[in-house]
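A quick write-up on the structure given underneath.
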Amino acid sequence: MAYKPRLKEKYTSEIAPALKEKFQFSTAMQVPRIQKICLNQGIGDSIVDKKILEAAVEEMSTIAGQKAVLAKSRKDISNFKLRKGMPVGVRVTLRGDRMYEFLDRLISVSLPRVRDFKGISDKGFDGRGNFSFGVTEQIIYPEINIDKVHKITGMDVTIVTNAANDNEALALLKEFGFPFKK
C-alpha cells in the first residue's frame, strides 16, 4: 500500500463531504481544494554578503523538503544598489504530497511554536480564494537548528486554492484546522 499524507486522507474522507454539504455543491469537483503552497523569503542583505544567500537557500530547502530556487531582481534600482538579475530572495512552490506534509507540519508543529501566538488574522485573503500570511522567524520550524542560523529572517507563505471566493477558502482552511483568530 502506498503512503498517503494524513491531511490528504482527511480532505477526501471528512473535509470535502462537509464542504459539499455546507455550500450545496452539486458535484465533488466544485468543492474547493488547495492547489499549491508558495514559500518566499526576501534577502535584502544578499547584495553585501553572499553567504547569507547560500544559508537562506539551505534553510528554505530544509523547511520545504525540496530544492529552493533563487529569486532574481527584474529591474535596476539605484537607491538599493540593485542591478537586474541579482539574487534578492529564495522561493519554493510545493504541490501534491509535499504540500500536504508541509501544511500538516505548519499547523500542528510550527505555528504553535510562535511566541505569544494568538492565531493568524483572516485578513490575508485576496478576493479570489488565496490566503497569504507572514512568519517573522524561520526558527519556528523544527527542521532548523537554531545554533547554525546566521540571521533570523521571516518568510511569506501563500496558500493557493481553487475556491470561488474568500468565504469558501476560509471554510476550507478552517476545516484543515488552521488557527485563525477568534
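The values are calculated or read from the model by the stated rules, or taken from the named source; none is laboratory data. Note that this is a predicted model, so its numbers are computed, not measured. All Cβ positions, glycine included, derive from the backbone under ideal geometry; neighbour counts span all protein chains shown.
Assorted remarks:
- The range 1-30 residues that are touching a residue at least 40 places away in the same chain (Cβ under 8 Å) and in a helix (DSSP H, G or I), paired with ones that are of a type outside the set (Val, Ile, Thr) and loosely packed, with under 13 Cβ neighbours inside 10 Å (beta carbon under 6 Å, 6 or more apart): none
- When Ser121 is tested against the conditions (1) without any contact (Cβ under 8 Å) to a residue 60 or more places away in the chain; (2) surrounded by fewer than 13 Cβ atoms within 10 Å (Cβ to Cβ); (3) not charged (D, E, K, R), the lone failure is (1).
- Listed by first and then second residue, the pairs with beta-carbon distance under 8 Å, at least 6 apart or on different chains, first residue in the range 102-115 and touching a residue at least 40 places away in the same chain (Cβ under 8 Å), second charged (D, E, K, R) and assigned to a helix (DSSP H, G or I), are Asp104/Arg6.
- Residue within the range 158-172 that is hydroxyl-bearing (Ser, Thr, Tyr), assigned to a strand (DSSP E or B) and under 14 Å from Met60 (Cα atoms) present: no
- Single residue of Gln24, Gln41, Gln30, Gln35 found to be polar (S, T, N, Q) and closer than 14 Å to Lys151 by Cβ: Gln41
- Filter pass, Ser61 being among the hydroxyl-bearing types (Ser, Thr, Tyr), at pLDDT below 90, closer than 29 Å to Ile139 by Cα and part of a helix (DSSP H, G or I): no
- Highlighted here are the strands (runs of 3 or more DSSP E) found entirely within the range 69-136 that include at least 3 residues which are under 30 Å from Ala164 (Cα atoms): 87-94, 131-135.
- Annotation: Glu59 fulfils all but one of (1) under 25 Å from Leu173 (Cα atoms); (2) touching a residue at least 60 places away in the same chain (Cβ under 8 Å); (3) of a type outside the set (A, V, I, L, M); the unmet one is (1).
- Residues satisfying the stated conditions in the range 148-157, i.e. over 18 Å from Arg105 (Cβ atoms) and not in a loop (DSSP other than H, G, I, E, B): Lys148
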